[in-house]
Amino acid sequence: MSMNRVVSSLVALALAGVSASAAFAQGPAVLPIADVKARQAVEREISRAAAKGLPTQPLISKAMEGVTKQASGERIHSAVASQARRLEQARDLLAPSPTVAELVAGADALVVGVPASMLKQIRAAWPRQSVAMPLDVLTELVARGVPAKHALKQITTLMVAGATPTQIAGVGASVQSDVASGLAPDAALEVRARGVMSLLPSPAAQALLAPSSRGPRAPR
Amino acid sequence: MSESFEQDPLRDPLIERVRETLRSSPGAKPDAAAMGRVLQAVWAEPRASFWRRLTDPLRMTTFTRLGAAAVAGAALFVGFLWRNAVTPSTAASPLAATGPATGEYPVQYASDAAADPATVAVPTQFVFENAKAKQVSLVGDFNDWKAGETPLVKLESGLWTATVPLPPGRHVYAFVLDGTLLVADPRAPKAGDADYGREGSVVMVFAR
């Protein structure tokens, strides 16, 4: 074989490698669902989601959750389809370009009953930063029994005042343990949010903490 | 100068022929100006395109071969980079590189001071009490609910434990006993399950 042919073969191999690598990365792995019809339906669902530009990993994870929980094939298919719908809804609500983590967090929020409009409000509070953590905390607070409206208000206030995702997560975790030890969810959130707010140097945070923030000061 | 020209791997066969003809002419004296004019004329001649030289094996020079090899290498590199970009990263599936759970605290994740605390994996310890179980493993959204992928180790006290690095955020999980029985963590808040109706547990992970 001449050098020229070797080089031509190398180029062809490289191009084939690129295509195969890309195809392998995007194609769904074979899911361990015993019911063949259900498995094919799930795989079609995942392919449809991929065609819409949705991430497939959360759907594979949802299907695997069903396998581990020994759900029927039909139920797994239904759960994957629901998750795909939630991801699509979250993508629209968290526009313009949400990350996969944000989409999953948005879908989880919708599952626990957070109204769709609240996802938009969270995005509006942080248009350029990841809202995955605030959404996770909102989900957790609502799941623990804090009214969604109250939870949203406290979280967006923290976001606008300059709290970091870690500080917001800390509020969520503290409320979680406060509720476990018997404190009312509303009260726990209020006190923990105020605690973080006191650490923030922004004028907005200080204004919220000041006694005057309860009402307009009378002119002298 | 001449020696370096002789060793130049990029030398053109046409220029070589011109040189040989000039050398073999009887009584020919090296005339630098004439040589310059000839070489200029040769270089001014239209040359085949890069694609033509790439696809025509008879005209393929050493330079073209090197170029083709470089293109192939670059294509492979770009392909694998792209693959990494579209497949879940280690942050998305943090257990991939950790191996079996040992119960040891993987401090290498915690000591990554330069990383963004909002995204860096946080070592998270799970504890489960069941002296009768022969095997306990951890399943959750962080390991795609794959039973057996994250085993817990049994301590002398009868407690089972595993420490795994998790991305910050809210995670739902459960324990699998002896390969089949799925149970929620009795020490953690419960997580409802609208899709399958099997309650799990929830953990909020963040850098403390």
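The values are calculated or read from the model by the stated rules, or taken from the named source; none is laboratory data. Since we're looking at a predicted model, the values are computed, not measured. Glycine also receives a Cβ, built like all others from the backbone with ideal geometry; neighbour counts cover every protein chain displayed.
Kindly evaluate B:P186 against the criterion of being within 8 Å of chain A (Cβ to nearest Cβ) and either over 36 Å from the mean Cα position of the chain (by Cα) or crowded, with 21+ Cβ neighbours inside 10 Å (or both). Judged against the criteria, B:P186 is not a match.
Could you list, in sequence order, the residues of segment A:110-140 that are within 14 Å of the chain's Cα centre (by Cα), of a type in the set (A, V, I, L, M) and within 19 Å of A:V160 (Cβ to Cβ)? Correct list: A:V114, A:M118, A:L119, A:I122, A:V131, A:A132, A:M133, A:L135, A:V137, A:L138.
Of all residues in segment A:123-157, those being within 27 Å of A:A184 (Cβ to Cβ), surrounded by fewer than 24 Cβ atoms within 10 Å (Cβ to Cβ) and among the charged types (D, E, K, R) number 3. Of the residues making up segment B:188-200, those that are outside any strand (DSSP E or B) and touching a strand residue (DSSP E or B) at 6+ places or on another chain (Cβ under 7 Å) are B:A188, B:P189, B:D193, B:R198, B:E199. Screening B:L159 on (1) touching a Phe, Trp or Tyr at 6+ places or on another chain (Cβ under 8 Å); (2) surrounded by 19 or more Cβ atoms within 10 Å (Cβ to Cβ) shows it passes everything except condition (2).
Scanning segment A:50-70 for residues that are part of a helix (DSSP H, G or I), among the hydrophobic types (A, V, I, L, M, F, W, C) and within 17 Å of the chain's Cα centre (by Cα) yields a total of 2.
Against the list (1) over 22 Å from A:V179 (Cβ atoms); (2) at pLDDT below 95, the condition B:Y196 fails is (2). Annotation: A:A109 fulfils all but one of (1) more than 7 Å from chain B (Cβ to nearest Cβ); (2) over 20 Å from B:P167 (Cα atoms); the unmet one is (2). Flag: B:R170 matches the condition of being among the basic types (K, R), under 35 Å from the mean Cα position of the chain (by Cα) and part of a strand (DSSP E or B). Taking every residue in segment A:123-144 that is at pLDDT 95 or above and pairing it with any residue that is of a type in the set (F, W, Y), at least 6 positions away or on another chain, the pairs with Cβ-Cβ distances below 9 Å are A:M133/B:F206; A:P134/A:W126.
In segment A:74-85, of all residues being crowded, with 18+ Cβ neighbours inside 10 Å and touching a Gly at 6+ places or on another chain (Cβ under 7 Å), the one that is farthest from the other protein chains (Cβ to nearest Cβ) corresponds to A:I76. For segment A:92-122, a tally of residues being surrounded by fewer than 20 Cβ atoms within 10 Å (Cβ to Cβ) and charged (D, E, K, R) returns 2. Among the residues of this structure, A:E88 counts as one that is surrounded by fewer than 21 Cβ atoms within 10 Å (Cβ to Cβ), part of a helix (DSSP H, G or I) and out of contact with any strand residue (DSSP E or B) (no Cβ under 6 Å at 6 or more places or on another chain). Taking the criterion of being within 10 Å of chain B (Cβ to nearest Cβ), more than 21 Å from A:Q83 (Cβ to Cβ) and part of a helix (DSSP H, G or I), the residues of segment A:138-171 that qualify are A:P165, A:T166, A:Q167, A:I168, A:A169, A:G170, A:V171.
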